[in-house]
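I have placed the structure first, in the form of structure tokens, so that the comments after it can refer back to it.
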Amino acid sequence: MTRLARPAMSVAEIVIREANTAERRQAADLVITAFSVTASPPTPNDRAALARAITDGYADRTHTTALTAWSGTRLVGAILYAATGAESAGFPADWAVLRALGVTTDAVGRGIGTALTVDAVGRGMTEGAGGIGLYTADTNLRARHLYAALGFVVMSPGQSSELARAGFLRGLKEDS
Ligand SMILES: CC(C)(COP(=O)(O)OP(=O)(O)OC[C@H]1O[C@@H](n2cnc3c(N)ncnc32)[C@H](O)[C@@H]1OP(=O)(O)O)[C@@H](O)C(=O)NCCC(=O)NCCS
């Protein structure tokens, strides 16, 4: 029998909760590392800017809620939720915004990213947001698969207000 270095993790064991200040810093580091292993890792030039944006986002307690996923005492994933009005990021004013989702490399593919996004989407619905917006790269197939499975649709300029009237929407914009 093979002994695993750590117990296998199932999403049922994962606890999602809001992070405190120290945990926010930990979450930013995790997400920065997660982004370095995506299908299209940032170039060295972009890397510093991306790391700064993630660090700043997780430090900004005024505009964001940091949702973190825990396997016991181990942080395994995080996402930022910005409530309606906290930041528009190019989406309609009554939309909530999600950003900086990341799951630690050895825990991907177990539903943790989905669970974090579902939690964040639930917050948007609870607060009565007109929709939920996020950006992702067209090359980030894993993320796109996850978002599509949760009902996110690719938005294009001019469509958003029309779509917003159709009901509760999850909009995804491609990074330019
Ligand atoms: C994107 C990310 C958050 C996904 O986290 P995760 O915990 O692995 O996500 P889940 O396990 O909930 O779901 C991943 C889904 O993608 C699928 N998938 C995995 N690799 C894939 C690929 N190359 N192409 C398409 N789908 C893929 C999985 O099968 C799974 O779908 P399923 O539930 O239908 O089986 C994680 O890979 C990550 O941290 N990536 C780096 C940072 C990043 O890209 N963040 C998102 C930026 S918008």
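The values are calculated or read from the model by the stated rules, or taken from the named source; none is laboratory data. Being a predicted model, the structure only gives us computed values, none of them experimental. Note: ideal-geometry Cβ built from the backbone for every residue, glycine included; neighbour counts use all protein chains shown.
Of all residues in region 111-141, which are at pLDDT below 95 and near the ligand (Cβ under 6 Å from one of its atoms)?
If the condition is that a residue be at pLDDT below 95 and near the ligand (Cβ under 6 Å from one of its atoms), then Thr136, Asn140, Leu141 are the ones that fit.
Exactly one condition in (1) more than 19 Å from Ala89 (Cβ to Cβ); (2) more than 13 Å from the ligand (Cβ to nearest atom); (3) hydroxyl-bearing (Ser, Thr, Tyr); (4) touching a helix residue (DSSP H, G or I) at 6+ places or on another chain (Cβ under 8 Å) is false for Ser36; which is it?
(2)
If you check Val31, Val103, Val97, which single one turns out to be hydrophobic (A, V, I, L, M, F, W, C), within 10 Å of the chain's Cα centre (by Cα) and closer than 18 Å to Met155 by Cβ?
Sole residue among the options that is hydrophobic (A, V, I, L, M, F, W, C), within 10 Å of the chain's Cα centre (by Cα) and closer than 18 Å to Met155 by Cβ: Val97.
Can you find a residue that is within 14 Å of the ligand (Cβ to nearest atom), charged (D, E, K, R) and either modelled with pLDDT under 90 or surrounded by 16 or more Cβ atoms within 10 Å (Cβ to Cβ) (or both) anywhere in region 94-104?
As a first pass, look at region 94-104 and keep what is within 14 Å of the ligand (Cβ to nearest atom): 97-104.
Checking which are charged (D, E, K, R) leaves us with 99.
Those still in the list that are either modelled with pLDDT under 90 or surrounded by 16 or more Cβ atoms within 10 Å (Cβ to Cβ) (or both) too: 99.
There is at least one residue in region 94-104 that is within 14 Å of the ligand (Cβ to nearest atom), charged (D, E, K, R) and either modelled with pLDDT under 90 or surrounded by 16 or more Cβ atoms within 10 Å (Cβ to Cβ) (or both).
Looking at Val76, Val15, which is the one that is modelled with pLDDT of 95 or more, in a strand (DSSP E or B) and surrounded by fewer than 17 Cβ atoms within 10 Å (Cβ to Cβ)?
Only one candidate qualifies: Val15.
Which condition number in (1) assigned to a helix (DSSP H, G or I); (2) surrounded by 12 or more Cβ atoms within 10 Å (Cβ to Cβ); (3) at pLDDT 90 or above is the one that Arg144 fails?
(3)
Just to be sure I understand, how many residues within region 65-89 are in contact with a Phe, Trp or Tyr (Cβ under 9 Å, 6 or more places away or on another chain), farther than 17 Å from Ile32 by Cα and within 15 Å of the ligand (Cβ to nearest atom)?
Result for region 65-89: 1.
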